[in-house]
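J.: Below you will find the structure I want to go over with you.
Just so it is clear, none of the values below were taken in a lab; they were calculated from the coordinates. Treat the numbers as computed from the prediction; the structure is a model and nothing was measured. Glycine gets a Cβ as well: all are built from the backbone with ideal geometry, and neighbour counts include every protein chain shown.
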Amino acid sequence: MNAERLRVRILFVIFIGVICYGIAQVLGYNTWILTLAGGWVATIILVLEHGFTRISIERLIVGVMGLGIGALFADLLLYPILSISFLKPSASYILVLGNVIFASVGLTVALRKEKEIISFLFHPGKRSLEREGGGYKILDTSVIIDGRIADLCEIGFLEGTLLIPQFVLVELQQIADSSSPNKRTRGKRGLDIVNKLQSRNNISLKIIDDDFPDIKEVDGKLLQLAKKMGAKIVTNDHNLKKVAKIQDVKVLNINELATALKPIILPGENLKIVIVKEGENPEQGVGYLEDGTMVVVEGGKRYIGKETEVVVTSVIQTTTGKMIFTEVKNQAGKRIARKRESSKGR
C-alpha cells in the first residue's frame, strides 16, 4: 500500500469518527463510545476492502458458493428437527448456530477444493487437456531467452497449451531495449523465440492478458497466475522453483531435464575428446563433452588442440554439474603394466 492510499484510509477513519461524534451529541449518547465504535467499524470495512481487492473474482465466487451451500444444508437438516415441540423455544438459537457451523464448513471445503471448482466452472477446456496428459504451461522470461523450449515443442516432448503472459513480453521488450549490448541480444533472442513458437502449427501457444497490478515482481505474478489457472511454470530459474515449491506450484526446469538426460559415464570407459586448454595442476589438460561437461585429463597438456583418446578414472558430482577425471589412454596402459610388473617382482 503506497503512502497516498494510506493517508486516504486514515482520513476516512477520522471522518467516520467525527460523524459518529456529531450523531452522539445530537442523540444524547456517550460521544466517546460511539466515536470509537465508528472508528472500529470504518477500520474493519477498510481491512475487508483491502482483502477483497487482493482476492480474484473466481475465488470470491467459490467462497460465496461454499457459504450458500453450507447454509442451505443447515436449513434442510434443521427445519424438520426444530418442529419437535420441546425444541421450539430454542429454535432460533439452534438455527443461527447451525447456519454458522455449516456455512463455515462449506466455506472451508470450497476453498480447499478451489482449483477443481474453478476448473469446472471457469476453465472447462482445461479439463480435457489434463485428461489428455497436457494442461497449461506458463513460460517465464528465462526459458524463452534460453531457446531450447522451441526444440522441445517441435519434437512433441512438451505437451499441452503454452501460455505467455503479457507481462513477460513486456519484460522481454525492456531487455531488448536495454543499453547493455549483451542484454539487448538476449532480449531480441527471446522475442525471436516467441515469433518462432507462434509460427509453428503443431504448437499450441496463447498470449494472455491476465495481470496482477498489486504484485510488482514478474516471478510473483507468474506464481499467482499458475495458482489461478492450475498451470505449471516452465523455467530455468532455480530460485523461482524453490519459491514455487513452497507455494505448491509445479515447475518444469529445462536445465534439470538436460542434466537428467546426460549419459552416465563410469570409470574405465574410453572417451575421445579434444583438449582445449591447460588444467590447474601441472601437465593437466581440459576438454569438454558435447553437453558441456568438463573433462580433466592428467598428462594431457602436451595434447592441447588435438583429439585424444582418454580413460575415465573418476566422476565427481558438484553443485554446478559433473566433472570427469581421465588420463591419456596410452599413459594409462603403461601405468597398469608397471603395476603388474612390480606386483610380479614381489
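J.: To the nearest 0.05, how large is the calculated FRET efficiency for K113 and H238 if R₀ is 25 Å and r is the Cβ-Cβ distance?
T.: 0.20
J.: Would you kindly derive the ³J(HN,Hα) couplings of region 7-22 from the backbone phi angles with the Karplus curve 6.51 cos²θ - 1.76 cosθ + 1.60 (θ = phi - 60°), listing them in order in whole Hz, with x for Gly and Pro?
T.: Computed from phi, the couplings for region 7-22 are 4, 4, 5, 5, 5, 5, 4, 4, 4, 4, x, 5, 4, 5, 4, x Hz.
J.: Taking every pair of alpha-carbon atoms in region 125-260, what share in percent sits in each 10 Å bin, from 0 to the bin with the longest distance?
T.: 12, 43, 38, 7, 0
J.: Continuing with the same structure: Applying the Karplus parametrisation 6.51 cos²θ - 1.76 cosθ + 1.60 with θ = phi - 60° to the phi angles of region 106-111, what ³J(HN,Hα) value in whole Hz is obtained for each residue in order, glycine and proline being reported as x?
T.: x, 5, 4, 5, 4, 6
J.: Between V8 and V100, what FRET efficiency follows from the Cβ-Cβ distance if R0 is 30 Å, with the result rounded to 0.05? It would help to have the intermediate numbers written out before the result.
T.: Numbers: r = 34 Å, r/R0 = 1.13.
Taking R0 as 30 Å, the efficiency between V8 and V100 is 0.30.
J.: So, R0 is 22 Å and r is the distance between the beta-carbons of L191 and E159; what FRET efficiency does that work out to, to 0.05?
T.: 0.35
J.: With each pseudo-label sitting 7 Å past Cα toward Cβ, what's the Q166-A71 distance in nm, one decimal?
T.: My value for the distance between the label points is 3.6 nm.
J.: What do you get for trypsin sites (Lys or Arg not before Pro) in region 231-297 restricted to DSSP loop and a cutoff of at most 12 other Cβ within 10 Å of the site's Cβ?
T.: Hits after loop and neighbour filter: nothing returned.
J.: Distance in nm between label sites at L152 and L289, each 7 Å beyond Cα in the beta-carbon direction?
T.: 2.0
J.: Just from the alpha-carbon atoms, what are the Rg and Dmax of region 207-339 in angstroms?
T.: 22.1, 72
J.: How about region 190-280: which GluC sites (Glu not before Pro) there lie in a loop by DSSP and see at most 14 other Cβ atoms within 10 Å?
T.: The qualifying sites are E217, E269, E280.
J.: At 0.36 nm per residue, and after removing the present C-alpha to C-alpha distance, how many nm does the segment from D248 to L261 gain when stretched out fully?
T.: 2.1 nm
J.: Here's a follow-up. Kindly flag which residue pairs out of K277/K306; K301/K329; K277/K322; K250/K322 have an alpha-carbon separation exceeding 20 Å in this structure. Display every interim value, and only then the final one.
T.: Working: K277/K306 11 Å; K301/K329 14 Å; K277/K322 18 Å; K250/K322 26 Å.
As for pairs spanning more than 20 Å Cα to Cα, those are K250/K322.
J.: Here is a follow-up. For region 181-263, take every pair of Cα atoms, bin their distances at 5 Å starting from 0, and report each bin as a whole percent.
T.: Values per bin, smallest distances first: 3, 12, 16, 19, 24, 18, 7, 1, 0, 0.
J.: Stretch V47-S179 to full length: gain in nm at 0.36 nm per residue minus the Cα-Cα span?
T.: 43.2 nm
J.: Residue by residue through region 136-142, what is 3J(HN,Hα) from phi via Karplus (6.51 cos²θ - 1.76 cosθ + 1.60, θ = phi - 60°)? Round to whole Hz and write x for glycine and proline.
T.: 8, 10, 8, 8, 9, 4, 4
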